[in-house]
1. Pick out the one residue from 303, 338 that is free of Cβ contacts under 8 Å to residues at least 40 places away in the same chain, on the phi < 0 side of the Ramachandran plot and surrounded by fewer than 16 Cβ atoms within 10 Å (Cβ to Cβ).
2. Quick one: which residue in 159, 214, 176 is more than 28 Å from residue 115 (Cβ to Cβ) and in contact with a helix residue (DSSP H, G or I) (Cβ under 6 Å, 6 or more places away or on another chain)?
3. Restricted to segment 209-224, and to residues that are closer than 14 Å to residue 333 by Cα, outside any strand (DSSP E or B) and without any contact (Cβ under 8 Å) to a residue 40 or more places away in the chain, which residue is nearest to the chain's Cα centre (by Cα)?
4. Could you pull out the residue among 309, 348, 314, 365 that is within 24 Å of residue 233 (Cα to Cα) and either without any contact (Cβ under 8 Å) to a residue 24 or more places away in the chain or surrounded by fewer than 19 Cβ atoms within 10 Å (Cβ to Cβ) (or both)?
5. Within the group 65, 61, 17, which residue is modelled with pLDDT of 95 or more and either surrounded by 13 or more Cβ atoms within 10 Å (Cβ to Cβ) or in contact with a strand residue (DSSP E or B) (Cβ under 6 Å, 6 or more places away or on another chain) (or both)?
């Protein structure tokens, strides 16, 4: 009827459909409707049987509860009053995404959702319990406030021109607490919050009080009061999932070879523009501060000859107060690689390329944390295989690039079949690591 067209392009009577029109369509397309109902039934039965099988093997299945849904989804078409269709959700600028992120999905109209006693969320979670024992609360910080961008702003500006919804910071805690309470009361599944990104203080507070696990990502767990050294395994939150990487980040070897010890070039340029008007002067400073050979893919790698802030100030020609942003950027990552090698206990000469010893030491370290769970992407385990590590560690071999619409996103395929997975020589090594640290 409307091939490949968004529901917003449908005729008005289908965009805002009446019960009479809906019943007429279903009657006229009864065979097709029955086919899709049968497919849904078969999928339901298969997923239920998987959960039962896993239970017999004493394995928990963890599912995902997406926070936002596509603008062109059946959810938005059916429940338009639950969404603010004039806005796009996203994320504010940070050290990893200098322009912020613009995701395209519409943010929720919480006033209308709460007026219906959060039934939209409660029903989604209740149904998911048929298939899962645990569930990840996607973008947990969005329960408190979500970054929104008016659709009229240019897409090139990313998430720069946005604001939080709700705007009033004082209401964030109660706002998120009410949503989380409705979710927790909807099922007996064990929740896990993805509390990453720009995290408000109230998020940590509510998580601790509710007993919901958060997520600790190895490469981001640093102590700024100790020269940004990586925190020790025993200092990880007990009530958390410890992980090497996430679906939104680069893999461990890609991070090490392309991002560790670097800063985002766009972020650096934005700070420079406040003080440097000449393009030649900018190029001169960039060449003095960063290693050309090791800077790639929009990341600038600090020159190893610069060891303290005084050398940095001298090159910039700025005083400490004016150069504060540069200094914080420098301190956070300039010695990152040395600090990480010390953290994972890798006693060997400095390496630029991730090897098997590096992968194993990193996986063992994350497994040794005090976090109640240690859950890794399967590729981080597969990188213990020399051939897989060499063939599939390119910087863009990843699940998702947040905030970017690309044909590569969500298209990653595990490079070995299920049959071959059972035969890999590293299986015993993976089991040994998990047994050693009490993860089995």
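1. Details: 303 fails: surrounded by fewer than 16 Cβ atoms within 10 Å (Cβ to Cβ).
Exactly one residue qualifies, and that residue is 338.
2. Details: 159 fails: in contact with a helix residue (DSSP H, G or I) (Cβ under 6 Å, 6 or more places away or on another chain); 176 fails: more than 28 Å from residue 115 (Cβ to Cβ).
Within the list 159, 214, 176, the selection yields 214.
3. Once the filter is applied, the top-ranked residue is 220.
4. Numbers: 309 fails: within 24 Å of residue 233 (Cα to Cα); 314 fails: within 24 Å of residue 233 (Cα to Cα); 365 fails: either without any contact (Cβ under 8 Å) to a residue 24 or more places away in the chain or surrounded by fewer than 19 Cβ atoms within 10 Å (Cβ to Cβ) (or both).
The conditions single out 348.
5. Values: 65 fails: modelled with pLDDT of 95 or more; 17 fails: modelled with pLDDT of 95 or more.
Sole residue among the options that is modelled with pLDDT of 95 or more and either surrounded by 13 or more Cβ atoms within 10 Å (Cβ to Cβ) or in contact with a strand residue (DSSP E or B) (Cβ under 6 Å, 6 or more places away or on another chain) (or both): 61.
The values are calculated or read from the model by the stated rules, or taken from the named source; none is laboratory data. Being a predicted model, the structure only gives us computed values, none of them experimental. As a convention, Cβ positions derive from the backbone with ideal geometry for all residues, glycine included, and neighbour counts pool all protein chains shown.
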